[in-house]
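Below is one structure, written out as structure tokens; the observations come after it.
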Amino acid sequence: MIAIPTPSARGPVRAVALVCVLALGASACGLSAELDRERNPERTPTPTPTRTTPAPAPAPSPVETAPPPVPSATAPHVPVQQARGCPASGVRIDPGPIDGAMGLRAMSLVLTNCGEHPHTLNGYPAVTVLDETGAPIPGVRTVRGTEEVPVAPADPGPGPLTLAPGDTARAGLYWRMAAEPGPYLRVAPETGQKTRNVHLTDPLDIGPENVLGTTPWQATKDG
């Protein structure tokens, strides 16, 4: 049979229980202090973490840009025959379109008597091929006739010709296809007469070395 403590005996039991609880608390406090000494043997106070505000990001540096390129010198100005109207000489010379086949190139020069008096011709045009600066292409040689240009048509030969005001005449230029362009021609109706520079919409593909054959002026029916 189990003895149940009487009310008079409960007081000592409660006192013993309280003593045990206090003893366990003191033991726990001692263990906590011992763990703290192992972690921090110098007994320095543990710093309290503080919240730091991140510094603002630095402003981006200005982008350094290169100065604009200095424009190169402009191409030399090449004076040419006026685009329209009649020159003071009373004669205009205009280039026709370029035709080509099997490496042969051909172009006509059209001379117009735009003055008030008849104009006489008897021979071949005087032609010099110029580069983009207006200088002659040194390796290009102009000849009378077409014998030195392979597969070019035969030269019909010169003959006297008189153009009334408004009349026109044609002469032919023949060459073999090459690489260097000739964008200008320096032309005179005949050797020894006044020259003028003519700009070509389609440059002659004639340089750096070549032969330019010419045929004499012949009257045309279109004025």
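The values are calculated or read from the model by the stated rules, or taken from the named source; none is laboratory data. Keep in mind the model is a prediction, meaning the values are calculated, not measured. Glycine also receives a Cβ, built like all others from the backbone with ideal geometry; neighbour counts cover every protein chain displayed. With ligands, DNA and RNA removed, areas are computed over all heavy atoms of the protein, side chains included. Shrake-Rupley method; radii C 1.70, N 1.55, O 1.52, S 1.80 Å.
Quick notes
- If the condition is being in contact (Cβ under 8 Å) with a residue 60 or more places away in the chain, part of a strand (DSSP E or B) and of a type in the set (Asp, Glu), then region 171-218 contributes 202, 205.
- Selected residue [modelled with pLDDT of 95 or more, surrounded by fewer than 17 Cβ atoms within 10 Å (Cβ to Cβ), farther than 17 Å from residue 99 by Cβ and not β-branched (Val, Ile, Thr)] from 164, 169: 164
- Selection count, region 95-150, where residues are among the hydrophobic types (A, V, I, L, M, F, W, C), closer than 19 Å to residue 179 by Cα and either in contact (Cβ under 8 Å) with a residue 24 or more places away in the chain or open to solvent by less than 20 Å² (accessible area, probe 1.4 Å) (or both): 10
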